[in-house]
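Everything below concerns the one structure shown next.
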Amino acid sequence: MFIGHYALGLAAKRVAPRTGLGTLFIAPTLADLLWPIFLLLGWEHAHVVPGPNPFLTLWLDDYPISHSLLTLSVWGAVFGYLYKRRTGDKRAALVIALLVVSHWVLDFITHRPDEPLYPGGPEVGLGLWNFPNATVIVESVMLIAGLAFYLSATRARDAVGRWGIWALVAVLAGSYYSTLFTPTPTDIHALAIGGIIFGWVFVLLAWWVDRHRDATTGLPTPL
C-alpha cells in the first residue's frame with residue numbers, strides 16, 4: 001500500500017479541517033517514515049527478491065517497531081497526544097491517532113502474512129499484493145476518493161492552491177505507477193535513503209499546497 005495511505009490523509013481533511021495536510025500526511029505514513037531509519041540503524045531488516053510481481057520484490061523480514069499493530073497504536077497515541085497539547089483540538093488529535101493505526105490496517109489487507117500484531121507475535125496479511133491489477137485499482141480508487149473529499153473540504157486561495165493540489169496528486173500517482181515498471185533497487189541502504197527523502201518531500205509538498213487553500217469552514221489552517 002502506497003498512495004492509499006496518502007488518500008486517507010487527503011480524506012481526513014474533511015473531518016479535521018483545521019489540521020494541515022502535511023500533518024495529515026505524516027500520520028498515515030508514520031510507519032513508512034520510521035521504517036527506513038530503523039532499517040539503516042539495523043533495528044529492522046529486509047531483502048530484495050527479483051520477480052515479475054512488482055509488489056512482491058521487497059521482502060520485509062522483520063519490522064515490529066515501525067509496523068506492528070501494538071507499536072503503531074503507541075505511536076498513534078503519542079502523536080495524537082502531542083498534537084492535542086499543541087493545538088487543543090481533541091477531534092483532530094483522535095483523527096491523527098487513528099490515521100497512524102490505519103497504516104497497519106491497510107498493510108494487513110495488501111501485504112503477505114508479514115504484518116506483526118506485536119513485536120515477536122503472529123504475523124498476518126491478506127495478500128492483495130498477489131493480485132497486482134486489483135491492487136492498482138483499489139489504490140487508484142482510494143486516491144480519487146481521497147482527493148474528492150479534500151477538494152470538498154477546502155477551496156483555493158490563489159493559483160498555487162488551485163493548481164498545486166493537482167501537481168501534488170500527479171507526483172504521488174507518478175511515483176506510484178512508475179514503480180510498477182522499474183526494478184526495485186537491490187541496495188537496501190539506497191532504498192532506505194530514497195524512502196526517507198521521498199517520504200518527506202511528499203509531506204512538505206502537501207504542507208505547501210495546503211497553506212494556499214482555506215478550509216470551507218472559514219477557519220484558518222494551522223500546521
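Pairs needed: first member in segment 171-199, part of a helix (DSSP H, G or I); second member anywhere, modelled with pLDDT of 90 or more and charged (D, E, K, R); C-beta distance under 9 Å; at least 6 residues apart or different chains.
Within 9 Å, the pairs are 176/139; 195/32; 199/32.
Tell me which residues, restricted to segment 66-94, are surrounded by fewer than 22 Cβ atoms within 10 Å (Cβ to Cβ) and either in contact with a Gly (Cβ under 8 Å, 6 or more places away or on another chain) or not in a helix (DSSP H, G or I) (or both).
Within segment 66-94, 70, 88, 89, 94 qualify.
All but one of (1) over 17 Å from the mean Cα position of the chain (by Cα); (2) within 30 Å of residue 52 (Cβ to Cβ) hold for residue 215, so report the exception by its number.
(2)
Can you report the number of residues in segment 14-64 which are more than 23 Å from residue 126 (Cβ to Cβ), surrounded by 15 or more Cβ atoms within 10 Å (Cβ to Cβ) and free of Cβ contacts under 8 Å to residues at least 24 places away in the same chain?
1
Just to be sure, is residue 33 under 25 Å from residue 190 (Cα atoms), over 18 Å from the mean Cα position of the chain (by Cα) and part of a helix (DSSP H, G or I)?
Values: under 25 Å from residue 190 (Cα atoms): yes; over 18 Å from the mean Cα position of the chain (by Cα): no; part of a helix (DSSP H, G or I): yes.
It is false that residue 33 is under 25 Å from residue 190 (Cα atoms), over 18 Å from the mean Cα position of the chain (by Cα) and part of a helix (DSSP H, G or I).
Among the residues of segment 138-159, are any of a type in the set (S, T, N, Q) and surrounded by 15 or more Cβ atoms within 10 Å (Cβ to Cβ)?
Start the filter on segment 138-159 by keeping residues that are of a type in the set (S, T, N, Q), which leaves 140, 152, 154.
If we keep only those that are surrounded by 15 or more Cβ atoms within 10 Å (Cβ to Cβ) too, we end up with 140, 154.
Yes - at least one qualifying residue is present in segment 138-159.
Looking only at segment 95-134, count how many residues are free of Cβ contacts under 8 Å to residues at least 24 places away in the same chain, touching a strand residue (DSSP E or B) at 6+ places or on another chain (Cβ under 6 Å) and assigned to a loop (DSSP other than H, G, I, E, B).
2
Would you confirm whether any residue within segment 186-195 is of a type in the set (A, V, I, L, M), surrounded by 19 or more Cβ atoms within 10 Å (Cβ to Cβ) and under 16 Å from residue 2 (Cα atoms)?
Here is the first cut: in segment 186-195, the residues of a type in the set (A, V, I, L, M) are 188, 190-193.
Now narrow it down to the ones that are surrounded by 19 or more Cβ atoms within 10 Å (Cβ to Cβ): 192.
Restricting the remaining residues to those that are under 16 Å from residue 2 (Cα atoms) gives 192.
Yes, that holds for at least one residue.
The values are calculated or read from the model by the stated rules, or taken from the named source; none is laboratory data. All values reported here derive from a predicted model rather than from experimental measurement. When we count neighbours, we look across all protein chains shown, and the Cβ atoms used for this are built from the backbone with ideal geometry, even at glycine.
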